1. Take Ala44 and tell me if it is touching a Ser or Thr at 6+ places or on another chain (Cβ under 8 Å) and either free of Cβ contacts under 8 Å to residues at least 12 places away in the same chain or buried (at least 18 other Cβ atoms within 10 Å of the Cβ) (or both).
2. Among Ser112, Ser121, Ser75, which is the only one that is under 30 Å from Lys276 (Cβ atoms), assigned to a helix (DSSP H, G or I) and of a type in the set (Ser, Thr, Tyr)?
3. Residue check, Ala235 against (1) modelled with pLDDT under 85; (2) in a helix (DSSP H, G or I), all met but one. Which one?
4. Quick check: anything in segment 118-132 buried (at least 19 other Cβ atoms within 10 Å of the Cβ), of a type outside the set (A, V, I, L, M, F, W, C) and over 30 Å from Val48 (Cα atoms)?
5. What are the residues in segment 192-210 that are in contact with a Leu (Cβ under 8 Å, 6 or more places away or on another chain) and β-branched (Val, Ile, Thr), if any?
6. Please state which of the following conditions Gly251 fails to meet, knowing it meets all the rest: (1) farther than 28 Å from Ile277 by Cα; (2) in a helix (DSSP H, G or I).
7. Would you confirm, using the coordinates I've provided, whether Arg278 is within 34 Å of the chain's Cα centre (by Cα), outside any helix (DSSP H, G or I), modelled with pLDDT under 90 and more than 22 Å from Leu58 (Cβ to Cβ)?
8. Quick check: anything in segment 74-86 modelled with pLDDT of 85 or more and either within 23 Å of Asp153 (Cβ to Cβ) or charged (D, E, K, R) (or both)?
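The values are calculated or read from the model by the stated rules, or taken from the named source; none is laboratory data. This one's a predicted model, so the numbers in the text were calculated from it and none came from an experiment. FYI the Cβ positions are ideal-geometry reconstructions off the backbone, even for glycines, and counts take in every protein chain you see.
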Amino acid sequence: MKARRWAGLQAAWRWQIALFPGKDKGHGVRARVLTDYGQLELSAKQQVLAICVGAALLGCLAWIFFRHPVALLLSLPGGLLFPAMLRKSLLERRKAQLKIQFKQLLSTVSTSLGAGKSIESAFREAMQDLRLLYPDPSTMIIRELEILNRRLDNGESIESALLGFAQRAGLDEIGQFADVFVICKRTGGSLVQVVRRTSMLIQEKLDIEQDLAVTLAQKKFEARLLSVAPVFFVATMAWTAPDYMEPLYEGAGRFVMTGALGVLWLCRSWIGNIMKIRV
């Protein structure tokens, strides 16, 4: 499977060179880089904003639990970790959107195959149908279908186009569909029936994942509230009853606060792991 996907990447690179010629010092040509959905570069503005927001949040947390300038200063460099967290969150959101759009693509392709269309015609018509659902030309699945159809017009096989897309997407569902398609195409099986059956199975899996996401949405919101509630409780007590909280901000009380903060972080991590359910 990996060898086939690598062949798809090589074909995608040759297609970029053929379609977007130009001078380049390293390769003699300048190729248009296709989107790699496993990579995301934050803009300078996003990085600065993430660092500032992270430093502010950690600074507030340190002041609430320790009320000491040294703890405040030590917490500020933690803001440097927030750009990576933001990048991970944006990547997960982008892949989730691509997964939903790919589900719509499978539904459209299955309908066209059921009407007796060839697989190439099914993908061509899918782009026209999905443009009604996603009018924005920058939509990920629309761009990918444009690339796939353009590669078909240039004489490439649909197998290499699908393998290249699967490799760049990094999603199991797209990779499974591409692998099944290539195997069926090369072994001479009933391509229409296999593709329709595979599409139905993948759509059912995506439906289950969406149902789980809806079911867990409220629980995730409750988990966030439970994670933030102790912080607000400590802040309220420190504001309304400073004399009562004073022992916790000096001497051995700082160790108690450190332990409480550590337990709170462990609980938050534990809840996050529980909520990660893979189908």
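1. No: the conditions fail for Ala44.
2. Answer to the selection: Ser75.
3. With (1) modelled with pLDDT under 85; (2) in a helix (DSSP H, G or I) applied to Ala235, the lone miss is (1).
4. Within segment 118-132, none of the residues are buried (at least 19 other Cβ atoms within 10 Å of the Cβ), of a type outside the set (A, V, I, L, M, F, W, C) and over 30 Å from Val48 (Cα atoms).
5. If the condition is that a residue be in contact with a Leu (Cβ under 8 Å, 6 or more places away or on another chain) and β-branched (Val, Ile, Thr), then Val192, Val195, Ile202 are the ones that fit.
6. (2)
7. Against the criterion (within 34 Å of the chain's Cα centre (by Cα), outside any helix (DSSP H, G or I), modelled with pLDDT under 90 and more than 22 Å from Leu58 (Cβ to Cβ)), Arg278 qualifies.
8. Checking segment 74-86: not a single residue is modelled with pLDDT of 85 or more and either within 23 Å of Asp153 (Cβ to Cβ) or charged (D, E, K, R) (or both).
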